[in-house]
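Structure first, commentary second.
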Amino acid sequence: MSAESSAETTVEFQDLLQRLNEVRTRLIRSFLFLLAASILAYLFSERALDDMQARLPVGSEMIFLAPSEAFVARIKLALAGGLVLAFPFLMYQILAFVSPYLSRRDRRMGLLLIPLSFGLFLTGAGFSYAVMLPFALRFLLGFGAGELEPMLSISPFVNFVLFLVLPLGLIFQLPIVMVFLTRLGIVDPVVMARNRKYAVFAIFVISAVLTPADVFSQLLMAGPLLVLYEFSLLIARLARRRPTP
Amino acid sequence: MEERERTGTGSEYVLVQMTTEEHLAELRSRLLVSLAALTAGSVVGWFLVPGMLRHFAQHIARRFVFVAPAEAFTTYLKMAVLIGAALASPIIVLEAWRFVLPALFPHERRVLQRFLPASLGLFAFGVAFGYLAVYPLALRFLLGFGTETVQPALSVARFLNFFISVTVPFGLVFQFPLVLIILVRIGIVSVERLMSLRKMVWFLSFVVGALLTPPDAVSQVMMAVPLIVMFELTLWRMRKGERRDVR
């Protein structure tokens, strides 16, 4: 009895070791991929910065106040770009790790989900960059009249752009999350419709936390979020109507 | 709702009985009125901001800059709300006063009636002192360190923070005499004890001056000296009062 159980434990232990080993390999691989993607992004960072500056309504000249500021801003930009580029690969690593526990159908769905999720991310980030960013900049720099002269420093500017663009990419994952939660029965479209006012409140709070600290960007993020909430509600209704086979 | 053990001394004193719900409802309506006043004041303030900025720009003899995209906007908002708070302060104080009043006994009411105007007056006096005396001197002192090769390009958000830090703390610090009087009245310290602590108080005045003002010697001294003067004047007043009592 005891010998049998100890043998079982050994097998389990070896299994665990194997899994840990796999985690290690996958982490290292992800890290290397992230590094490569960041280096690639760094090569384009100057052009990206030029493009961002071109979104400014007035003169696009910028300053940096600390000696290391311009360098750090470029690195930050490269890391953010690298993270975006590596995103599908990182997702794949996670999926591959859990795939032994998934059914064939779920595995296929996971593989399908990665490009879908990446596409949604790019859509959200792209929307933010192409529509919200110029709008926000035009509004905010509109205060540069009279006694106020814009003399934008690069690091706050890059932060501002990243915090406007990246969160929206993440938030655009909401439809996927909603489908999952509905399928799992955690979220009910009827409840969602009933609790709309709490959702609106939560959206404004989240927008305040995620965006640069001004009311304007908060509203700019809350708007699309509200649309997205209604959209998710629609998706949830559709997802529920078709019962899982 | 509750029975009071102590009874009021004043003959006109009427204890207003209210339930907890009524108190909460009153608090709610008073908060709403205060908030409405603050909002209205801030809206008015928003239109006063450009003029104020022009005023400040004259003090530094150049335009302000803003270094972060949202800086100009957030500074506008902050200034508007500050102006709004200043404009709405009479209403807010009045609402607070009316809310607290029914909860007080006549003698408490009399104490508060004496101390509240003094406190508000001292606050206004302190802020005025900060604005009229400390702010110009500190600004001139600090900008004086600019040279041919080191030119000021002041960020508007930081300038506003500087401005607040040379005005508002003075309003707070000028409550010192009231604090002293109350401490002595309650019997936590005696006048004699305060006298023996004089060296300590003088020293602490400079420490407080260093902590509450921007890091320049000018505003520190300009906070410490009034503190010491107020300490001495209050002590002198209270000693005179005590001697009269003894006689």
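Each reported figure results from applying straightforward, stated rules to the coordinates on display, with no laboratory input. Keep in mind it's a predicted model, so treat the numbers as computed, not measured. Methodologically, a virtual Cβ is constructed for each residue, glycine included, from the backbone with ideal geometry; neighbour enumeration extends over all protein chains shown.
Couple of notes before you dig in:
This table checks each residue for (1) within 21 Å of A:Leu152 (Cβ to Cβ); (2) aromatic (Phe, Trp, Tyr); (3) touching a residue at least 60 places away in the same chain (Cβ under 8 Å).
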{"site": "A:Ala7", "(1), (2), (3)": "no, no, no"}
{"site": "A:Leu16", "(1), (2), (3)": "no, no, no"}
{"site": "A:Leu43", "(1), (2), (3)": "no, no, no"}
{"site": "A:Met52", "(1), (2), (3)": "yes, no, yes"}
{"site": "A:Glu69", "(1), (2), (3)": "yes, no, yes"}
{"site": "A:Ala78", "(1), (2), (3)": "yes, no, no"}
{"site": "A:Gly82", "(1), (2), (3)": "no, no, no"}
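- When we screen A:Met132, A:Met151 for residues that are at the interface with chain B (Cβ under 9 Å from one of its Cβ atoms) and among the hydrophobic types (A, V, I, L, M, F, W, C), the only hit is A:Met151.
- Counting the residues of the stretch A:159-178 that are buried (at least 21 other Cβ atoms within 10 Å of the Cβ) and within 14 Å of another protein chain (Cβ to nearest Cβ) gives 4.
- Pick from the stretch B:77-98, criterion buried (at least 20 other Cβ atoms within 10 Å of the Cβ) and within 14 Å of another protein chain (Cβ to nearest Cβ), ranking: farthest from A:Ala66 (Cα to Cα): B:Ala80
- Boolean, A:Gln53 is assigned to a helix (DSSP H, G or I) and surrounded by fewer than 11 Cβ atoms within 10 Å (Cβ to Cβ): no
- Hits in the stretch B:25-76 (condition: at the interface with chain A (Cβ under 8 Å from one of its Cβ atoms), farther than 24 Å from A:Leu164 by Cβ and among the charged types (D, E, K, R)): B:Arg54, B:Arg63
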